[in-house]
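Undergrad: Below is the structure I would like to discuss, written out as structure tokens.
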Amino acid sequence: MAESERRSRFTPAYVAGYAVALLVGALFVWYFWKNSGDFHFLTEASPTYLGAAAVCLLCSYILNSQQLSLFLNHFKSPATPLESFALTTAMILGNSLTPMRGGSGGLAIYLKTVHKMDFSAFAAIYGGTAILVTLINTALATLGLVFMWIYHSLLHVWLTVAVVGLFGASLYLSLWPPPMNENTIGIRGFLSGSMNSWRDLTRNRMLLLKLALSLTVTTFAVMGAFFFIYKAIAAEVSFSGVLVISSLGTVANLAPITPGSLGFVEVVTVNVPHLFNVDLPRAVAAAAIYRVSALLLAVVCGAPGALYLFKRRVASKKRGSR
């Protein structure tokens, strides 16, 4: 590997991402060690409920691969169900281990090499997914907050204002994205082209509806994972509370700075349950269980997927060199 290529992997953003991830991991370990007596309930955690949580996470990965297939079909780059699942899980694994969404970068290169997909089209998929994920999850989180207020007399004004604001912005970008001037060069031209690709995609209302429905089901699958984790450790969280926690955790997972958005997701999955009267040790334990479960599943599914994609990419290069 060239020296310049090795240096490019250690940009300030990458170093900062790993530094934050190590700090968050160290804080978790320190808290567990300092308060080990408060985690006795983990010895009685239900394996059945933890297994159900893993199944829910697997369902979310399958649904993510189906969403990727919808995007690829729109851009005339269809993939088989196996290839879509391999792409999704390998991307999740890469994103879980590297800062700045390294797995998504690998997906972009694969699609360019094997499917001849333009990077601006991939950027439309990446950005469009983030917009729709924010739209769906903030809508459901808003409903959860309303239910918490009506049925449990719990109202968190600033949290509600922030969630509603994100919902409004993502709704605007989903339904009425503004046209951009592509007569520019460099990064501005690339971003303009990507935004216009997303704008063209949003005109396909049937595709938008299918994506929204699939993402909604995905949100409930992730919610199911949190629900079963809380059940496994006997944490009392209402349906609306779990909906708010899982939805906002999914939005926080879009932050690209750290591997797997480590730290950003935990800010939500530790602090928001605490707002809903979940004791801190159980909130910390649930966040840790979710993180470890998602990472293990990403390794189990993503490592074979990455190997499969590597072989396909090598075969594609050989065909292209003939």
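Bear in mind that the values in this text are calculations on the coordinates, not laboratory data. Please read all numbers here as calculations on a predicted model, not as lab measurements. A quick note on method: Cβ atoms are made from the backbone with ideal geometry, for glycine too, and the neighbour counts reach across all protein chains shown.
Undergrad: How many lysine pairs in the chain, separated by 8 or more positions in sequence or lying on different chains, have Cα atoms less than 27 Å apart?
TA: Lysine pair count for the chain: 15.
Undergrad: With contacts defined as alpha carbon pairs under 8 Å and 6 or more residues apart, what's the relative contact order of the chain in percent?
TA: For the chain, the relative contact order is 31 percent.
Undergrad: May I pose another question? Based on the inverse mean of 1/r over its pairs of different Cα atoms, what is the Kirkwood hydrodynamic radius of the stretch 4-96, in Å?
TA: Taking the inverse mean of 1/r over all distinct Cα pairs, the stretch 4-96 comes out at 17.2 Å.
Undergrad: At R0 = 51 Å, how high is the FRET efficiency between H156 and K311 if r is their beta carbon distance? Nearest 0.05 is fine.
TA: Once rounded, the FRET efficiency stands at 0.55.
Undergrad: Moving on to the next point. Using unit Cβ charges (K, R positive; D, E negative) and no other charged atoms, how large, in debye to the nearest 20, is the dipole of the chain about its Cα centre?
TA: The dipole of the chain has a size of about 1440 debye.
Undergrad: Could you give the nm distance between label points at Y172 and D279, where each point is 7 Å from its Cα heading toward the beta carbon?
TA: Placing both labels 7 Å along Cα→Cβ, they lie 4.5 nm apart.
Undergrad: A follow-up question, please. Which of the peptides 124-131, 225-232 is most tightly packed, and how do the rest follow, going by the mean number of other Cβ atoms within 10 Å of each residue?
TA: So the peptides 124-131, 225-232, ranked by packing, come out 225-232, 124-131.
Undergrad: What is the sum of charges around K112, taking Lys and Arg as +1, Asp and Glu as -1, for the other residues whose C-beta is under 13 Å from the C-beta of K112?
TA: +2
Undergrad: Still on this structure, I have one more. In Å, what Rg and Dmax follow from the Cα atoms of the stretch 192-292?
TA: For the stretch 192-292, the Cα radius of gyration and maximum Cα-Cα distance read 16.2, 50 Å.
Undergrad: If you count, for each residue, the other Cβ atoms within 10 Å and average over each peptide, how do 19-30, 56-67 line up from highest to lowest?
TA: Packing order, densest peptide first, comes out as 56-67, 19-30.
Undergrad: Shifting gears a bit: Cut-off 13 Å, label point 7 angstrom out along Cα-to-Cβ of K116: give me the residues of the stretch 63-101 whose amide nitrogen falls inside.
TA: 76-78
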